[in-house]
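The values are calculated or read from the model by the stated rules, or taken from the named source; none is laboratory data. These numbers were taken from a predicted model, which means no experiment stands behind them. Every residue, glycine as well, gets a Cβ built from its backbone with ideal geometry; the counts of neighbours run over all protein chains shown.
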Amino acid sequence: MKLKKSMALVLSFVMALSLVLVGCSSNKPAANKDGKKKVKVALVFAGYLGDKSYNDSAYEGIKKAIKEFDIEVKNMETDKSTDWEPNLVAMASSKEYDLILAVSSELTDALKKIAPQYPDQKFAIMDSAVKAPNVVSATFAQNEGSFLAGAAAALFTQKTNIKNVNADKTIGWVGGLDIPVLQDFLVGYKQGAAYIDPSIKVLSSFAGSFNDPLKGKELTLAQYSQGADIVMNVASNTGNGILEAAKETGKYAIGVDLDQDGIYPGNILTSMLKRVDVTSYEIVKSVVNNEFKPGTLYMDVANGGVSLTDMKVMKEALGKDFPEDILTKVKEIEGKIKSGEIKVNFHQGFGKPQQ
């Protein structure tokens, strides 16, 4: 009996000691594979991952950073605007995170309010400019990328030898929310189309949401019925409905943010790449390397921040019917934008920041 009691006491002591050790170790900062303190990043989304577009693109850069730097990441996902400011406050007030990244221009007003309240916290925002001594702002020349997309669409709609391309000089464009950054997309798209043919008609619609694929599909089908045979998607998860409409009707679409060409091979001419993946990675890298510098990062055609895909998926789908002249013309236009020969218009408040 004494032996059993002694064993029980030993086991109790071992268990108690284990709990103490676990408690102590949990209070220590997490270490990465090199034994250094883990960099912790909080991502605050104005939507959800899984959109196969903007949010997923931003997270591609984060996944690269996780793999290379062994960082720790927390995602705050919601499309409810009433949650955005509280989410930013919760992350900042916890004082746990080396960087808080606001992954949308829709978080601009909230960040402008919150950043000054936490002067020692590093913040970054995608797709917008917030002037504060603790914020990095990543802005993009989406107008330039859309100029290329508009030109490609205008050229493509002339190719009546391709199945389901009609004789109408009409192209389409469907966006998510009617916000300034999407207006900047639309300005460039219309100008690019007019550069090819001033008589081209551009249909445009806003779904009122970045998370409503059914509405995106409905608006796209309406534009097809009005003569458009190719429609540009600028709508995050809503855009999945746009692409689906192209597939179901045998017509065509242009993807956005990520390379969406392979989602429905043969129905997506090209995608306008907006390298939020590269930018999110570089911002995290700057924190890891203690090189975080508040200010504005500007991504445009000249530095590869925006571009079109090489259309290889469509080329494979169409074979000998693929219009090589579109690729040639797009490259020519790209060079003229880089050199400054073509000046792309932008929506009020956008454009290259003053140095």
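Remarks
- Yes/no for T328 being surrounded by fewer than 23 Cβ atoms within 10 Å (Cβ to Cβ), at pLDDT 95 or above and of a type in the set (S, T, N, Q): yes
- Top-ranked residue in the range 285-313 [being in contact with a Phe, Trp or Tyr (Cβ under 7 Å, 6 or more places away or on another chain) and buried (at least 22 other Cβ atoms within 10 Å of the Cβ); ranked as nearest to G145 (Cα to Cα)]: V306
- Within the range 79-103, the set of residues being buried (at least 16 other Cβ atoms within 10 Å of the Cβ), at pLDDT 95 or above and not in a helix (DSSP H, G or I) comprises Y97, D98, L99, I100, L101, A102, V103.
- L327 in the same structural domain as P180 (by TED's automatic domain parsing) and in contact (Cβ under 8 Å) with a residue 60 or more places away in the chain: no
- Criterion applied to V231, V278 was being surrounded by 24 or more Cβ atoms within 10 Å (Cβ to Cβ) and either of a type in the set (V, I, T) or touching a Ser or Thr at 6+ places or on another chain (Cβ under 8 Å) (or both), and the one residue passing it is V231.
- Within the range 139-154, the presence of a residue that is modelled with pLDDT of 95 or more, farther than 18 Å from V234 by Cβ and not in a loop (DSSP other than H, G, I, E, B) is excluded.
- Selection count, the range 158-186, where residues are in contact with a Phe, Trp or Tyr (Cβ under 9 Å, 6 or more places away or on another chain) and more than 30 Å from K293 (Cβ to Cβ): 12
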